[in-house]
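The values are calculated or read from the model by the stated rules, or taken from the named source; none is laboratory data. Since the structure is predicted, the reported quantities are computational estimates derived from the model, not experimental observations. Cβ sites come from the backbone with ideal geometry, for glycine too, and all protein chains shown count toward neighbours. Accessible surface areas use protein heavy atoms only, side chains included; no ligands, DNA or RNA. Shrake-Rupley method; radii C 1.70, N 1.55, O 1.52, S 1.80 Å.
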Amino acid sequence: HSITVQVGDLTKIADTEASMNKLLRDRHRTEDFSVRNMASMIEMATATQKTLTLLLGAVALISLLVGGIGVMNIMLVSVTERMREIGIRVATGARMRDILLQFNTEAAVVGMIGGVIGVVLGIAIALALQGFGVDVAFSPWPSVGAFTSALITGLVFGFLPARKAARLDPVVALASE
């Protein structure tokens, strides 16, 4: 009813398929059979997996961009609300570098908090899925990568507000309320 052939060398799939077609045609003297090649199915599955990986990467990139804009917004509000504090620090001898470091550190902390929340939430969801019988493989590297991405996002998107704070004129900053 059926014959299954396994090819040891993937480069010889087409030759093996042609040989099988010829042998079966010679033996049956008619073409009352069909030969299916799994290589095309494997290629299709690989192409589908690549497309889904690209789609997931695009969603992750958009999420990072939205999260980064959120960090930037938080830091800009922080700079605006703390202009007097910045003015006092500059007036008492703080250098631009000190102000930049302060706000970059705050942006890094915001990114780290977001990274910790994301990693903990991801592990909790994975454990919940495992409780429902879904096979889940745990590896530390995706968690490390996610945390690092959150930290870098905080630093990159927090830099412009930190630079704005560092460049404030102390007179203008002290005059603001």
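Return the only residue of Ser40, Ser63 being surrounded by 12 or more Cβ atoms within 10 Å (Cβ to Cβ), part of a helix (DSSP H, G or I) and either under 31 Å from the mean Cα position of the chain (by Cα) or among the small types (Gly, Ala, Ser) (or both).
Matching residue, one of Ser40, Ser63: Ser63.
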Pro161 vs. criteria surrounded by 12 or more Cβ atoms within 10 Å (Cβ to Cβ) and either over 15 Å from Ser78 (Cα atoms) or over 17 Å from the mean Cα position of the chain (by Cα) (or both): yes
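Could you list, in sequence order, all residues of region 66-81 that are surrounded by fewer than 12 Cβ atoms within 10 Å (Cβ to Cβ) and either within 16 Å of the chain's Cα centre (by Cα) or closer than 14 Å to Val110 by Cα (or both)?
Listed by number, the residues that qualify are Val66, Val77.
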Assess whether Val7 counts as being surrounded by 11 or more Cβ atoms within 10 Å (Cβ to Cβ), β-branched (Val, Ile, Thr), free of Cβ contacts under 8 Å to residues at least 12 places away in the same chain and not in a helix (DSSP H, G or I). yes
Identify the residue in region 109-130 that is in contact (Cβ under 8 Å) with a residue 40 or more places away in the chain and closer than 17 Å to Gly145 by Cβ and, among all such residues, is least open to solvent (accessible area, probe 1.4 Å). Gly111
